């Protein structure tokens, strides 16, 4: 290593063995400094504290540490496989064992019979049932002590194995110069170790003498759940929470469009609805109206289960903005959903003199140009669209409110580009994907949260059952009976065409069978490859009852609202995630008829798939389902942001660190009240830059 003391800020090329080219390769992997190396954590640990005796029996598949001499070393070359094999015999005095290395020809010159080595590797069965030690890591035996707990790191540039361990071990003295970013009172309150102690405990853990303590420590280290790992996770989550709380404070300090409240106007607005608002809808609408009247830019996330009435709340929130002469834009992820929102808003706001205009990619050029010109002049006050809304060519005279539906399908930059089209417009975000509070505080941490936790009266529970593919004929007999009694049905497939890579039922292969099983019943087909006009024709025919059964892909997950629909059949249900199954099930049970969701599944289900289907069968609670989905598939699947950790966060796991998420948010909000927020945030940012994670949201 370098002669002078190692400091966290030293660039990696100051370290012995790291030249300019290696430093460049390190930089490509995000490692620029000694501190970056210290924050490159082991991906697992191996207990090399016990030395196996070759004469006492070995088990196939076990990982063992052997101390002995290696003899009879020879190198073989297999030309057709471009493979070099190094063979030898390891002798520890109690027995001998063949040892083999693949493509490590250089070892042959280092294995001297007079030297003792430590060899750590896996016991496997070779030809003729003979045991052998395969590809062991090797180093010279010095002294009587075995290695203990050995960290194993992900490769960095050309450094791996023992070489990378030594490089990082040489950086450990730099931990003494790491300034602890946490105030002493926070460390004390949450019983957190010091940062320097944590880094040393992660890279060079001390092995307890007690057998149970040793096993517990190894388990915690390998799961990333040790006290030292918890400290790094806490710091990272606090850095994120401080940034989010700071951004929220900056937003609240800005001046926004003020829309004073009028009780009489609000009562008249509710008369536009063909139904009474639920108590939950009234509560959330009140929160939105207070935001609009506050003089600060609103940024609110409204969560509500499928069918909870979010669009009606959004429509009433739009009305005072429109009446003030400002413009409103509503963005949806698909044309089908945008079209449904336009129809709903036409019903509610059209009678108040604010008919919505549609702006989607499939709109004819002349019609699209007319809408864009109307938005720029201000003659189009209300527009509903897809991604087309945040194109550069779309400008507003004065955008007062942006409503984003199914937010998890849009990136943060897309949301910002829409908000940039007006002077501090208000923002209302909606999602029908229930999100656990801990996840919402991370993914949507800069937004105020509202929850519509009550379904409108008359919504009937949907009975959910799981049936094997072999029962399809009986299932369709039941479906035919429902249709004859006035119901309508969806049949959903995970894909349009057959695929060699996926054992799943496709729409194409099922179409003829569905028609043959439902003689005399009008069946329509809906999928993403149809043109917008074709999709609208099919969806309208299904809504009006001209078509009684809709064979579709997940394009109908959102955007098709048919109260008469009473049966949802989901083919190859094991191919879908829990939240998606819950969304699809929400397409039925919207009217007065008893409703069913039938999950068709293969017999050969994995344990995970069986668990998913059992969760959706027994529960209709969106938040319970979202929690289970978070545990099974992780936050990236649930929110549409695959960067979210493990992966988005380096040290925290937002599936398992929910308690820390809640705690660090509370700490950040307290720091904001004491005036320490920015100071702590700046200190934490040296170790945990959060910009990339925020972009992922």
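The values are calculated or read from the model by the stated rules, or taken from the named source; none is laboratory data. Predicted model only: the values in this text are computed from it and were never measured. So basically every Cβ, Gly included, is an ideal-geometry build from the backbone, and we count neighbours across all protein chains shown.
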Exercise for the section: Return the only residue of 24, 46 being within 35 Å of the chain's Cα centre (by Cα) and either surrounded by 19 or more Cβ atoms within 10 Å (Cβ to Cβ) or part of a helix (DSSP H, G or I) (or both). Expected result: 24
Handout entry: Extreme residue, modelled with the lowest pLDDT, among residues of the range 428-450 that are buried (at least 20 other Cβ atoms within 10 Å of the Cβ) and in a strand (DSSP E or B)
Key = 431
Fill in the blank from the handout: Residues of the range 252-282 being in a helix (DSSP H, G or I) and farther than 30 Å from residue 454 by Cα, in sequence order, are 253
Practice task
Please name all residue pairs, on different chains or six or more residues apart, with Cβ atoms under 6 Å, provided the first residue is in the range 674-697 and is over 15 Å from residue 664 (Cβ atoms) and the second residue is in a helix (DSSP H, G or I) and at pLDDT below 90.
Solution key: 697/412; 697/443
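Each row is one residue, and each column tells you yes or no for (1) surrounded by fewer than 22 Cβ atoms within 10 Å (Cβ to Cβ); (2) at pLDDT 90 or above; (3) in a helix (DSSP H, G or I); (4) assigned by TED's automatic domain parsing to the domain that holds residue 594.
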position: 424; (1), (2), (3), (4): yes, no, no, no
position: 454; (1), (2), (3), (4): yes, no, no, no
position: 457; (1), (2), (3), (4): yes, no, no, no
position: 466; (1), (2), (3), (4): yes, yes, no, yes
position: 470; (1), (2), (3), (4): yes, no, yes, yes
position: 474; (1), (2), (3), (4): yes, yes, yes, yes
position: 477; (1), (2), (3), (4): yes, yes, yes, yes
position: 480; (1), (2), (3), (4): yes, yes, yes, yes
Exercise for the section: Any chance you could count how many residues in the range 253-298 are in contact with a strand residue (DSSP E or B) (Cβ under 9 Å, 6 or more places away or on another chain), closer than 27 Å to residue 433 by Cα and modelled with pLDDT under 90? Expected result: 0
Handout entry: Options 204, 308: the member that is closer than 30 Å to residue 170 by Cα and in contact with a helix residue (DSSP H, G or I) (Cβ under 8 Å, 6 or more places away or on another chain)
Key = 204
Handout entry: Number of positions in the range 555-566 that are modelled with pLDDT of 85 or more and in contact with a strand residue (DSSP E or B) (Cβ under 9 Å, 6 or more places away or on another chain)
Key = 4
Practice task
Taking residue 4 as meeting all but one of (1) closer than 30 Å to residue 175 by Cα; (2) more than 43 Å from the chain's Cα centre (by Cα); (3) surrounded by 17 or more Cβ atoms within 10 Å (Cβ to Cβ), write down the number of the exception.
Solution key: (3)
Fill in the blank from the handout: Here the qualifying pairs (Cβ atoms under 8 Å; residues six or more apart or on different chains; first in the range 113-124 and farther than 16 Å from residue 49 by Cα; second loosely packed, with under 12 Cβ neighbours inside 10 Å) come out as 115/140; 116/140; 123/59; 123/60; 123/61; 123/62; 124/60; 124/61
Exercise for the section: Those residues that are modelled with pLDDT of 90 or more and part of a helix (DSSP H, G or I), I need them from the range 482-510; list them, please. Expected result: 482, 483, 484
Problem - From 419, 345, 359, residue being crowded, with 21+ Cβ neighbours inside 10 Å and farther than 22 Å from residue 563 by Cα - result: 359
Exercise for the section: Could you tell me which numbered condition residue 15 fails, if it satisfies all but one of (1) over 30 Å from residue 207 (Cα atoms); (2) surrounded by 12 or more Cβ atoms within 10 Å (Cβ to Cβ)? Expected result: (1)
Completion exercise
Pairs returned, first residue in the range 131-156 that is under 24 Å from residue 206 (Cβ atoms), second residue that is assigned to a loop (DSSP other than H, G, I, E, B) and at pLDDT below 90, beta-carbon separation under 6 angstrom, 6 or more apart or interchain, are 141/116; 146/49; 146/51; 148/49; 148/207; 149/207
Completion exercise
Matching residues in the range 27-43 (assigned to a loop (DSSP other than H, G, I, E, B), surrounded by 14 or more Cβ atoms within 10 Å (Cβ to Cβ) and touching a strand residue (DSSP E or B) at 6+ places or on another chain (Cβ under 9 Å)) number 5
Practice task
Identify, from the list 164, 199, 195, the residue that is at pLDDT 90 or above, within 20 Å of residue 44 (Cβ to Cβ) and out of contact with any helix residue (DSSP H, G or I) (no Cβ under 6 Å at 6 or more places or on another chain).
Solution key: 164
Exercise for the section: Tell me, yes or no, whether the range 516-534 has at least one residue that is crowded, with 20+ Cβ neighbours inside 10 Å, over 17 Å from residue 587 (Cα atoms) and in contact with a helix residue (DSSP H, G or I) (Cβ under 6 Å, 6 or more places away or on another chain). Expected result: yes
